[in-house]
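The values are calculated or read from the model by the stated rules, or taken from the named source; none is laboratory data. What you are looking at is a predicted structure, and each value in this text was computed from that prediction instead of being measured. No Cβ is skipped: glycine too gets one built from the backbone with ideal geometry, and neighbour counts run over all protein chains shown.
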Amino acid sequence: MRRLLRVLRNTLIIIVALGVALTGFTKFIHYPNPIAAIKLGLAPASKTPTLMPWHTIQPSASPIEWPTSFAPAPETVMWKGKAIKWQDFLDRTNTNAFLVIRNGVITYEYYKKGFSESSQLPSYSVAKTMTSIIAGQLIAQGKLKESDTFIKYFPELKTGTSFDRVTVQTLLDMQSGVGVSDNYPTGPQGWGVAIAQMYATTDIGWFMKHNRKMAFDPGSKSEYRSVDTQMLGMIIKAITGTTVADYFSKNVWQPIGAKYPATWNVDRVGGTEKTFCCFNAAARDYARVGLAMLNGGQAGSKQIIDPVWLKRMTTPVTKLDHNWGYGAFVWHPFPGISQAEGLHGQYIFVNPKTRSLIVKLSDNPTGLDETVATAKVLLEVTKKLT
C-alpha cells in the first residue's frame with residue numbers, strides 16, 4: 001500500500017510539474033493556457049466564438065426588420081454531378097443556418113436543431129470582407145490610401161527588407177508576400193504552424209514582430225494569406241484610435257440596421273481584433289451586409305459602402321484558389337458573383353443578376369469544406385428560389 005501511495009504521489013507531482021511547465025511555455029509564446037487551447041482546438045466551428053476573448057459590437061437601436069415571403073426549397077440540387085435531396089445537401093455540408101433573400105425579402109430560412117434566428121455564429125474569413133468595408137470607408141474619407149505602407153503606421157516593425165514595401169493594396173489583394181502561410185494541418189501538429197499561432201495568440205503585436213519574413217516580394221504574385229487582413233486590421237485600429245469592434249459598431253453594424261449584437265474575437269480584452277477570422281453574428285444580420293452590396297452600398301437611406309469602393313469589392317483583380325477571381329477581400333467564383341467565404345463552410349453569396357443573396361453558416365470539419373461544389377449549389381439556388 002505504501003508503495004502504491006508513493007507511486008501515485010510521484011505521478012501526481014510529475015503531472016503537476018508538466019502542467020506548470022506547459023502553462024509557462026504557452027504564456028512565453030503568447031498562447032492561451034493549455035486547457036483553453038485544447039478546448040479551442042477540439043471545438044466545432046459554431047462553438048468557438050466564446051472560447052476566445054471578444055469585443056461586443058452593439059446593434060441598431062432601430063433595427064431594420066426583414067419582410068418575408070417564404071417559398072418551398074428546391075426538391076433536389078446538383079451535388080458533384082448528382083441530384084441529391086435538398087435536406088441531404090444541408091446535412092452533408094453540416095449546415096447550421098441557411099438564408100435566402102431575393103429582392104430584399106426572405107424567401108427561405110432554415111436552422112438546424114439547436115440554432116435559431118438569434119444564434120450568434122462564427123464567420124471565419126467572412127470577417128475579411130467586414131474588414132474591407134471598414135478600409136473602404138477610411139479610404140473614401142481620405143484617411144487611408146492604398147499606396148500607404150504598413151510600416152507608415154508601424155515604423156518600429158521596419159526590417160530593411162521587402163517587408164517595408166508592403167502596401168494597403170497588396171494586403172487587400174493577397175499580394176503582400178508576408179511569410180505566414182494559410183496551411184491548416186490537422187491534429188496536434190497543427191498548433192505549431194504560424195496561421196494557428198496567429199489564430200490563438202494572446203498578443204497580435206508580438207506575433208507580427210516575430211513573423212516578418214517574406215515569402216515573395218510585394219505585388220510579385222498573389223497567394224491567399226490571412227496575415228494580410230490582420231495587418232490591415234492593425235492599420236485600421238491605428239488610424240481610428242479605437243477598437244475595430246467599436247468603429248464597426250458605430251459605422252457599419254448600427255447604420256446597416258443590425259438586430260442582434262455581434263462580437264469580434266481579440267487577442268485579449270482591450271487588445272486587437274483578429275480581423276482575418278473572428279467575427280460572429282446572427283444569420284439575418286450577415287444578410288444585411290450582402291443586401292448592402294446588392295443595393296449599391298446602401299442600407300435604407302444610409303450609404304454604408306462608398307460606390308467607388310463597392311466597385312472595388314465586386315471587381316476581381318487577381319486569381320487565387322480554384323482559379324477564382326479575388327480582390328479587396330472578396331471572392332468571385334463565377335462572373336458577376338461576389339462571395340464572402342470562411343473556413344468550415346461560412347458564406348455570404350451575392351448574385352446581382354437575380355437580385356438575390358444567400359447566407360450559409362456551417363460546421364464542416366477542417367479540410368472538408370468542398371468549397372467549389374458548395375458554390376455551385378449556391379449559384380443554382382439563387383436561380384431556383386423565387
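Elements of the type helices (runs of 4 or more DSSP H) sitting completely within region 153-259 and holding at least 2 residues that are modelled with pLDDT of 95 or more, more than 30 Å from residue 66 (Cβ to Cβ) and over 20 Å from the mean Cα position of the chain (by Cα): these cover 204-209, 227-240. Just one residue in the set 89, 70, 98 is of a type in the set (Phe, Trp, Tyr) and under 21 Å from the mean Cα position of the chain (by Cα); that residue is 98. Among the candidates 242, 202, the residue that is in the same structural domain as residue 120 (by TED's automatic domain parsing) and free of Cβ contacts under 8 Å to residues at least 40 places away in the same chain is uniquely 242.
Of note, residue 133 satisfies the criterion of being β-branched (Val, Ile, Thr) and touching a residue at least 60 places away in the same chain (Cβ under 8 Å). Among the residues of region 252-266, not a single one is charged (D, E, K, R), farther than 17 Å from residue 291 by Cβ and surrounded by fewer than 23 Cβ atoms within 10 Å (Cβ to Cβ). Looking across 132, 60, 116, one residue alone is outside any strand (DSSP E or B) and exposed (fewer than 14 other Cβ atoms within 10 Å of the Cβ). It is 116. Summed over region 34-85, residues that are under 24 Å from residue 344 (Cα atoms) and either of a type in the set (Val, Ile, Thr) or touching a His at 6+ places or on another chain (Cβ under 7 Å) (or both) total 10.
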